[in-house]
1. Compute the distance from the alpha-carbon center of segment 263-310 to that of segment 104-125, in whole Å.
2. Positive end of the charge dipole of the chain (Lys, Arg +1 and Asp, Glu -1 on Cβ, about the Cα centre): tell me which of S244, F299, V106 has its Cα farthest that way.
3. Only counting other Cβ atoms within 10 Å, I'd like H283, H157 sorted with the fewest neighbours first.
4. Averaging sequence separations of C-alpha pairs under 8 Å and six or more residues apart, then dividing by the length of the chain, give the relative contact order as a whole percent.
5. As a test of the formula, what do you get for the chain when each DSSP H run with n ≥ 4 contributes -39,500 (n - 2.57) and the sum is divided by the residue count, at 222 nm and rounded to the nearest 500 deg cm²/dmol?
6. Which of the following values of Cα extents along the principal axes in Å was calculated from the structure shown: (i) 55, 48, 36; (ii) 102, 39, 34; (iii) 83, 47, 33?
7. Name the residue, out of L44, L290, L56, whose mean-square fluctuation peaks in a Gaussian network model built on the chain with Cα pairs under 10 Å.
8. Rounded to the nearest 0.05, what FRET efficiency is calculated for K38 and R60 with R0 set to 22 Å and r the Cβ-Cβ distance?
Amino acid sequence: AKELSNRVNFKNPDGPDAVIDMLSNYGFDKIQVAKLAKKQPLVLLEDAENTLLPKLEFFRSIGVSNTDMPKILIANRDILFRSLEKCLIPRYQILKSVVCDDGEAVTALINAPFDFTNGDMMNHLVPNIKVQRQSNVPPASISLLMVHFTGVAYMKHSKFVEAVNKAREIGCDPSKMVFMHAVRLLLTTSKTLWDSKFEVYERWGWNHEMALRAFVKSPNFMMLSEETYTKKMTFLVKDMGLPSEDIAHYPQVLTYSFEKRIIPRFSVIKILCSKGLLKKDLHFSSFMCLTEENFLKKFVIKFQDDLPLLSDVYKGLFNHQNVV
């Protein structure tokens with residue numbers, strides 16, 4: 001405490017010691033206390049019992065764990081200087097009103113602690129939630145945005161409305177979960193980046209309408225870098241011989257892990273086809289889009305007696321070339 005107190009010239013080191021002791025009771029270790037003090041030295045001047053304790057107790061009462069408490073307070077160095085009655089509690093009530101339960105409200109707080117006290121809730125967050133409800137976006141989709149992409153929910157209302165309208169205009173269904181992914185990407189992707197991505201898609205045979213339809217089906221594929229998109233398309237089109245336009249019909253395949261899903265599944269199917277156990281014209285969507293459990297049942301466990309090494313090939317423990 002003495003070393004930390006030198007930064008703000010404490011007259012009474014007992015005050016800082018009391019603050020440090022209290023923070024340690026709410027999950028802070030020495031390194032985290034030092035980080036908080038470096039970001040906001042004045043926190044060590046606070047009245048531990050009368051000022052800090054009620055705020056820390058409030059966060060604990062709504063479900064913030066000792067693991068998450070330091071993360072929130074370090075990420076938003078001013079949060080402990082905001083009024084409990086005039087800021088923290090009212091803002092939490094607003095946050096809780098736009099999600100499904102207390103747990104989601106706490107997660108939204110953890111994911112965007114700075115926005116919790118500094119975001120414009122009344123002019124941006126609340127109207128943004130309202131426009132979603134007016135567009136018949138289901139509560140589960142709104143919760144998805146609030147819990148996983150909290151910062152997007154606080155974005156400028158006029159921009160948010162533009163993104164919602166654009167998503168509907170290009171054919172995204174507000175009742176589907178992918179609608180919120182589309183809105184998020186429309187809000188966070190610049191026009192320059194958007195256009196450059198479409199140029200890459202065009203080089204692989206996707207015209208503008210085809211790429212838009214792919215976006216409507218699976219917006220998240222547009223998060224892929226040019227390098228990753230090209231790597232996966234090269235494998236699927238050039239190595240596996242799939243028509244490029246077929247992939248545009250199932251763009252979610254591009255979001256799958258290359259090493260953990262795409263290559264292992266194609267390796268298994270290639271073996272089964274070479275042994276005459278499957279038809280060679282099997283459409284890739286019939287095995288790529290299956291859940292892990294269903295793929296194992298249908299294409300690995302089913303043929304385990306005929307090909308004992310199939311499971312090892314799928315796990316990447318055995319080269320499929322040695323089985324064919």
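1. Each part's Cα centre sits 46 Å from the other's.
2. Highest projection toward the positive end goes to S244.
3. So the residues, fewest neighbours to most, are H283, H157.
4. 9
5. The helix-only estimate for the chain comes to -15000 deg cm²/dmol at 222 nm.
6. Of the listed options (i) 55, 48, 36; (ii) 102, 39, 34; (iii) 83, 47, 33, (iii) comes from this structure.
7. L290
8. Rounded to the nearest 0.05, the efficiency is 0.35.
Laboratory data are not the source of any read-out in this text; all were calculated from the coordinates shown. What you see is a predicted model, and the numbers here were worked out from it, not measured in a lab. Positions of Cβ are backbone-derived with ideal geometry, glycine not excepted, and every protein chain shown enters the neighbour counts.
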